[in-house]
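> Got a structure for you, written out below as structure tokens; questions coming shortly.
The values are calculated or read from the model by the stated rules, or taken from the named source; none is laboratory data. Note that the coordinates shown come from a computational prediction; the quantities given were computed from them, not determined experimentally. Glycine gets a Cβ as well: all are built from the backbone with ideal geometry, and neighbour counts include every protein chain shown. Heads up: the accessible areas ignore ligands, DNA and RNA and are worked out on the full protein's heavy atoms, side chains in. Shrake-Rupley method; radii C 1.70, N 1.55, O 1.52, S 1.80 Å.
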Amino acid sequence: MTQDLTPSKDTVRDEIAFIRRAIEEGRSYAHLHGVDMVVWGVLMGFGYLGNYARGAGFSPVNPNWIWLVCVLAGWLFSIRDRLLGQSCSGPVAPMVRALQMLWLACGVTLTGMALAMAFSAEIQADQLKAISAGVLGIGFFVSAFLTNVRWLRYVAIGWWAGEVVFCFFQSGLYPQLLGAALMFGLLALPGYLLSRKP
């Protein structure tokens, strides 16, 4: 005698409700933390503009110091709740945890690459621009599906297009302007749109 493994209507309904709730939690998290993207986009955009200003002879400031300040400020902003003792101690929804870990992984990867570049002559800043664009493309692409915010897929495509452009045009001043434009337009702007109530 074979056992019927077909799920009941109640089981299917419960699973659909769980999936919808998980996606809604992810979307709410994305809306709540869109301001983080705005802050990081603006800070990283200023980092690229610092590179441009130094290369064009407008600024005597070493761009490495500008990048250091921008990256430290970004991390301090991102962990502000923990620094102020306001982090949530209760259980975290699985979709929210997935989004947190996705963007934490992106941030750690990019920061690690930047540190490696700062202390090694083997890794060039020009290479880091393309890698950064690719990593951010992954972050937005996966976020689009975790949150069901479909327009984020187009942001990911924009980052991947930027990655290709950086691979072909690595040196000179124009890639610095492109980097700033991407950070303002494909990180800060999507963050602003996400931070607005749907």
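> HN-Hα J couplings of region 127-135 from phi, Karplus 6.51/-1.76/1.60, θ = phi - 60°, integer Hz, Gly and Pro as x?
5, 5, 4, 5, 4, 4, 4, x, 5
> Measuring with a 1.4 Å probe in the full set of protein chains, what accessible area per residue, in whole Å², belongs to region 32-88?
61 Å²
> Next question. ³J(HN,Hα) across region 147-157 via Karplus (A = 6.51, B = -1.76, C = 1.60, θ = phi - 60°), whole Hz, x for Gly/Pro?
Once θ is set to phi - 60°, the couplings for region 147-157 become 9, 6, 9, 5, 5, 5, 4, 6, 5, 4, 4 Hz.
> Could I ask something else about it? Can you give me the % of accessible surface on region 125-175 that is carbon or sulfur? Probe 1.4 Å, all protein chains present, nothing else counted.
That share works out to 70 percent.
> If you don't mind, there's one more thing I want to ask. Could you provide, to the nearest whole Å², the per residue accessible area of region 92-168 with probe 1.4 Å?
Result: 51 Å² of accessible area for each residue.
> Using mean Cβ contacts within 10 Å as the protection proxy, how do 161-171, 183-193 order, highest first?
183-193, 161-171
> Calculate one ³J(HN,Hα) per residue across region 54-63 by plugging θ = phi - 60° into the Karplus curve 6.51 cos²θ - 1.76 cosθ + 1.60, and present them in order as whole Hz with x for glycine and proline.
5, x, 7, x, 8, 9, x, 6, 5, x
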